[in-house]
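Coordinate-derived values only; no laboratory data. All values derive from a computational prediction rather than experimental measurement. Because the Cβ atoms are built from the backbone with ideal geometry, glycine has one as well, and the counts that use them run over all protein chains shown.
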Amino acid sequence: MFAVVDPEETLVGRRNLVAVAISAAVVTTPSALPAAAAPADAPNLADFVLNNTSSDLQSRVDQLDGQLPKLGVQNILEQANRQGSTGDACTSPALDPMQEPALRKFCFNDQDTGTVGGNVEWMPQGVTTVADAQEDQQWGSKQAFLVSWYDRGTAPVKGVRVSFLDPATSKYQHVLLVYPYINSNGNASYEPVTTPQAGDGDSVHAGGIVWYGNYLYVVDTARGIRAFDMRYIFDLASASNGNTTDQNQVGRQNNVYYGFGYRYVMPQVAGWSNPEGVVDHPGNYQCTAGGRQRYSYVSLDRSTTPDTLLTGEYCADQGDANLNGRVARWNLDGATGLPSPDADGVWRAKSAYRLPKPRVQGATATEGRWYLSTSNGENNAGSMQAAVPDNPTGAGVLTVDGPNRAVAIGVEDLSYWPGRNELWTVTEHPGKRVLYAVPR
């Protein structure tokens, strides 16, 4: 902590009587000088540990594979059933306060934007692109975007869905994420993605997603990271025992597979969780200086060797530099698209940093430089700011570097598109939802 000025040092230690007089006139008492804020400390890397809790998830998915037909990403985009808009046809009040125009943008249809029917059931949160998925930034002939949404708790709780967007056609398709299990009859079924997973849990917030190779990584705030496989997206409309009209049922019911009315479901194939499982964090987005991280958002950095997954936590402003939140880097295996754990099978973060500001909704990095998105309520501009670490490896503190740029209202997760030099984000508030990019 920086100390306040000692009056003995200020008044007695001076030799110049004129300086003494000036100092006495300006600083009459020691209490006139406010104490400087305490600097942030580097986080403890031991707090960032995830265990493989995949168990037999893949075998359950394999059983579903024997029951249901599946479809690839490109075919899903070609069959997309919702019409969005891009370019000049895409307008949103969320963009009005921006300091600079969006480089590219994508609007959902009126129903998903919330301007028709007051749709507040689903809230958009995470964003990732084909530039995360593939180094050549192509998936077949497509350059897709993905956006995650969580169900706010309407009955029945529906968990998480992901929109697969094709900017070439402005069309998109929702896919429901599900958790596979074996039912009491020994058949493969599935349920919504919730925390806790079984019972009356709330929808996983899905505050950030990363598409990397065949896998889609989704953060689970109190648990860790879930993984889904693009090779197992099941098509209930093409299934002989599938139902796409009933919006109240999910999973296998009386030998029929449901998905809350959605055509496509994608089951979880792997999980990486806190050693303690689900962690009971403080309420009202209050954060602690140590302990397990909140997994609020996630992104990818392809400029490192190996590629790294970046996780971070959203924290309310608690007036303490050590409570702004933390971000961490996790090694990935570029050959498989899977996590790269240590020899004992435990996935440990290789670096972690204290954030320089509170209310960070998304963070990404490239070439050693971090980028942070910050929200500011439903009616005020968000902000985008660069930051640099005081230590390139291990544990350290991020310091803001450069101007605080005014961006759209309600900014969320971040994804960086190399080559195009674009930072992508999505806004969450009903009536003000838009997916867009700004310059890095």
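For every helix of n ≥ 4 consecutive DSSP H residues, a contribution of -39,500 (n - 2.57) applies; sum these over the chain, divide by its total residues, and give [θ] at 222 nm rounded to the nearest 500 deg cm²/dmol.
Calculated mean residue ellipticity at 222 nm is -2000 deg cm²/dmol.
How would you rank H205, H281, going from fewest to most other Cβ atoms within 10 Å of each one's own Cβ?
Starting with the residue having the fewest Cβ neighbours, the order is H281, H205.
Return the sequence-ordered ³J(HN,Hα) values of the stretch 293-307 in whole Hz as given by the Karplus equation 6.51 cos²θ - 1.76 cosθ + 1.60 applied to θ = phi - 60°, using x for Gly and Pro.
5, 6, 9, 8, 7, 8, 8, 10, 10, 8, 8, 9, 10, x, 4
How many percent of Cα pairs in the stretch 317-391 exceed 18 Å?
52
Using Cβ counts within 10 Å as a stand-in for footprinting exposure, how do L50, L71, L355, L236 rank, fewest first?
Arranged by neighbour count, lowest to highest, L50, L71, L355, L236 become L71, L236, L50, L355.
What whole-number distance in Å separates the alpha-carbon centres of the stretch 297-314 and the stretch 141-188?
23
Please list, ordered by chain and number, the residues whose modelled amide H lies under 5 Å from the amide H of V178; skip anything fewer than 5 residues away on the same chain.
Those qualifying (amide H under 5 Å, at least 5 residues apart or on another chain) are M266, Q268.
Charges on Cβ only, +1 for Lys and Arg, -1 for Asp and Glu, centred on the Cα centroid of the chain; of G334, S163, N284, which one is farthest towards the dipole's positive end?
Positive-most Cα among the choices belongs to S163.
Taking the Cα centre of the chain as origin and charging only Cβ (+1 Lys, Arg; -1 Asp, Glu), how large is the dipole, in debye to the nearest 20?
420
Return the sequence-ordered ³J(HN,Hα) values of the stretch 380-394 in whole Hz as given by the Karplus equation 6.51 cos²θ - 1.76 cosθ + 1.60 applied to θ = phi - 60°, using x for Gly and Pro.
10, 4, x, 9, 10, 9, 8, 8, 10, x, 7, 9, x, 9, x
Over what distance in Å are the Cα centres of the stretch 224-253 and the stretch 426-440 separated?
Between the Cα centres of the stretch 224-253 and the stretch 426-440 lies a distance of 28 Å.
Taking +1 at the Cβ of each Lys and Arg and -1 at the Cβ of each Asp and Glu, which of P389, G402, S375 sits farthest along the dipole of the stretch 350-412 towards its positive end, judged by Cα position relative to the Cα centre?
P389
What is the set of long-range amide H partners of A408 at a cut-off below 5 Å, with H atoms built 1.01 Å from backbone N?
Counting only residues 5 or more places away or on other chains, the set is G382.
Which value, to two decimals, describes the C-alpha radius of gyration of the chain once divided by 2.2 N^0.38 Å?
Relative to the 2.2 N^0.38 Å estimate, the chain comes out at 1.08.
What lysines does K171 reach when the alpha-carbon gap must be under 22 Å and sequence neighbours fewer than 8 apart in one chain are set aside?
Result set, ordered by chain and number: K70, K105, K142, K432.
How high is the relative contact order of the stretch 189-317, in percent, counting Cα pairs under 8 Å that sit 6 or more residues apart? Provide the component values of the computation, followed by the final result.
Values: 250 pairs, mean separation 30.2, N = 129.
Rounded, it is 23 percent for the stretch 189-317.
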